[in-house]
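The values are calculated or read from the model by the stated rules, or taken from the named source; none is laboratory data. Please read these numbers as outputs of a predicted model, since none were measured by experiment. A quick note on method: Cβ atoms are made from the backbone with ideal geometry, for glycine too, and the neighbour counts reach across all protein chains shown.
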Amino acid sequence: MKPGKVRAIALCTFHNEGRILAARGYDPVKNQVFYRPLGGTIEFGEPAALTVVREIQEELNLESTGIKYLGTLENIFTFAGKSGHEIVMIFDGEFVDASVYNRTVLQGKEGDDEPILAEWIKLDDYSTVNDGSHPPLYPTGLLELLQGLK
């Protein structure tokens, strides 16, 4: 996150049997575990749908296909004590390798070799009001967007 800058990102949910794939994150300042779909920064001149394909390849070393646009969210947040502002394009897609859907956890890495741990989370476990029974799902508004598509 660059202070004072708005970042454009693309994330993909990979819906499967009432679940989505989300990376587990941790905010050390809030002492909070959270989940967020995988993806990343849209590079200049790169279509957002191709950002998803590239990011999934880079992060999980997996091929994705059937990328389709679901909606856009504005995400103004604080992470690790720093303010951030993102325009988030949300996509759904499929993995070329169908065995991915049978894995409980997918391991990968960020560009800086920081490990990624992605899990299939059940959307039915979440409500639009976080009661604290499950880690939050970010970006804010994602759950409402996904529920509106049913």
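Hey, can you tell me all the residues within region 59-77 that are exposed (fewer than 12 other Cβ atoms within 10 Å of the Cβ) and among the charged types (D, E, K, R)? Hit for region 59-77 is Lys68, nothing else. Of the candidates Gly25, Gly39, the single residue that is surrounded by 14 or more Cβ atoms within 10 Å (Cβ to Cβ), touching a strand residue (DSSP E or B) at 6+ places or on another chain (Cβ under 8 Å) and modelled with pLDDT under 95 is Gly25.
Which ones in region 78-104 are surrounded by fewer than 18 Cβ atoms within 10 Å (Cβ to Cβ), of a type outside the set (Ser, Thr, Tyr), assigned to a strand (DSSP E or B) and touching a Lys or Arg at 6+ places or on another chain (Cβ under 9 Å)? Within region 78-104, Phe79, Gly84, His85, Ile87 qualify.
Among the residues of region 5-14, is any over 12 Å from the mean Cα position of the chain (by Cα) and free of Cβ contacts under 8 Å to residues at least 24 places away in the same chain? Checked region 5-14: no residue is over 12 Å from the mean Cα position of the chain (by Cα) and free of Cβ contacts under 8 Å to residues at least 24 places away in the same chain.
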